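Beneath this line is the structure, given in structure tokens, with notes to follow.
The values are calculated or read from the model by the stated rules, or taken from the named source; none is laboratory data. Note that this is a predicted model, so its numbers are computed, not measured. Cβ sites come from the backbone with ideal geometry, for glycine too, and all protein chains shown count toward neighbours.
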Amino acid sequence: MKIAIVGAGVVGLMTAQELSDKGHEVAVFDRNGAAGEGSTFASGGIFDASYPLPLAGTGSHLSRFLRQTRGFSSVRWTRLGDVHWIWQRARFHSDALAARREDVASKLIQSGIDINVDLIAKHQWDQEQSFGQTVLLKNEADIMAYEARLPAIRDAGLSCQTLERSEIHAIEPSLAGNDSFLKAIHFPQNWVVNCRQLVLNTKQELAKNGVNFQFNCKVTEVVPGGQPLLRTESGGSMSFDHIVLCTESLPTPTFVRLPLRAPLVTISAYALSVPIREPLNAPKSAIRDANTGITISRLGRRIRVCGGGELNMSNKLHHDKQLVSRLFKTLDQYFPGSASYAAGTQIWRGSNTHTADGLPLVGKAGVPGVWLNMAHGSNGAGMASAAARLLCEQIEAKSTHLAGEYLDPLRFSR
């Protein structure tokens, strides 16, 4: 079949990879000049199957709502739509529903790790990667919250090890700041990878296999049908058997009118990327501060520090200086002397699209010939490959390796 993919981030590239492997004729369109220029560009690269839905929670609807508001670094409380979305998010994560959704998300990420590790080995790519993430627990509330999650994490087939402070240095020898946390939990199966490098390796392999890449090409309209049409800003019009939208947000009605009522928001986060000055002082893999949500990961010769959560502020012109300062302080607190700031420090701000239930939109878009693989949230890179395989199976009308009903784009419209 002849299939078009709109979007050349990690989700679009992995979708192209799955479809191309099955022998389909694939064309990828992106308005940017290269692959991985959007939210993929400077992600933390942590495939975290143990914590797949960061904004989930337990307790009453109100307590979940209050907990989730604290998960954002910036919310415009005067925007009632944003407050309503957080309230919806809290409703979707009731105790009865959250466990099943977290299981689906965890399986997506676990499957994605397996797919990508096999892909790297198959092509023998030079890929920056490591295994293992250590979560630092600063207080008794953090410890109780995580210990309550451990049975479900183990039931999902994930290994984990609770560590006392004296045991942590066997995992992360250079970790400092012992007086700032009480315990830690180590997840050896979580994967850390340079996502942009993975995307570029995938793009190079796909190009060799005949996938047609159209960069600096803005798609302006998709016309659904048995042979859906794709129109570009330059005036071109092409027909395909299927068109897959892997864009960062839902299309506007002028692009394609879809019968969806998916409650979506954008959440922006910050990334600090800095060269390693002294490898012995740098992290071996990745850590996460459970209290602040800030992660520190090692990507080859650089360290990536990520954190923050600005709700629906993707158009904000200026960086949150206080939050950026916190990223620097966190790195210096836990890995002092590891960073060479003068050698080329980069600060990046990117946005991800989130649904109210935390799971992506994968499947039929509700109009003929158009499919969605989008809204993967902050674990987008982790879910991308398994979601792409699921979508390929759906397009080919085959049995799926994962349950797709929880990801159905029309689930909010019922």
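Pairing residues of region 158-187 that are over 22 Å from Phe131 (Cβ atoms) with residues that are part of a loop (DSSP other than H, G, I, E, B) and modelled with pLDDT of 95 or more, at Cβ distances under 8 Å and at least 6 apart in sequence or on separate chains, gives Ala176/Phe335; Ala176/Pro336.
Among the residues of region 325-335, those identified as surrounded by 13 or more Cβ atoms within 10 Å (Cβ to Cβ) and not polar (S, T, N, Q) are Arg326, Leu327, Phe328, Leu331, Asp332, Tyr334, Phe335. Only residues that are free of Cβ contacts under 8 Å to residues at least 60 places away in the same chain and in a loop (DSSP other than H, G, I, E, B) were counted across region 265-292, and they come to 1.
Residues of region 303-324 that are under 13 Å from Gly350 (Cβ atoms), surrounded by fewer than 18 Cβ atoms within 10 Å (Cβ to Cβ) and at pLDDT 85 or above: His319 alone.
Look at Pro251 and say whether it is assigned to a loop (DSSP other than H, G, I, E, B), within 27 Å of the chain's Cα centre (by Cα) and either modelled with pLDDT under 95 or surrounded by 14 or more Cβ atoms within 10 Å (Cβ to Cβ) (or both). Taking the combined requirement at face value, the residue satisfies it. Among the residues of region 217-229, the ones that are within 24 Å of the chain's Cα centre (by Cα) and over 13 Å from Ile243 (Cβ atoms) come to 1 in all. Of all residues in region 7-28, those satisfying the criterion of being surrounded by 23 or more Cβ atoms within 10 Å (Cβ to Cβ), outside any helix (DSSP H, G or I) and of a type in the set (A, V, I, L, M, F, W, C) are Ala8, Val26, Val28. Given the options Ile86, Ile171, Ile115, Ile109, name the one that is at pLDDT 85 or above, touching a Ser or Thr at 6+ places or on another chain (Cβ under 8 Å) and under 30 Å from Ala262 (Cα atoms). The match here is Ile115. Could you grab me the full set of residues in region 123-154 that are modelled with pLDDT of 85 or more, surrounded by fewer than 16 Cβ atoms within 10 Å (Cβ to Cβ) and within 29 Å of Leu361 (Cα to Cα)? Passing the criteria: Leu150, Pro151, Arg154.
Aromatic (Phe, Trp, Tyr) and over 17 Å from Val104 (Cα atoms) - does that describe any residue in region 392-406? Scanning region 392-406, I find no residue that is aromatic (Phe, Trp, Tyr) and over 17 Å from Val104 (Cα atoms), so the answer is no. Consider region 15-71 and keep the residues that are of a type in the set (Gly, Ala, Ser) and at pLDDT 95 or above. The one that is nearest to His242 (Cα to Cα) is Ala27.
Residues of region 133-156 that are touching a strand residue (DSSP E or B) at 6+ places or on another chain (Cβ under 9 Å) and small (Gly, Ala, Ser): Ala145 alone.
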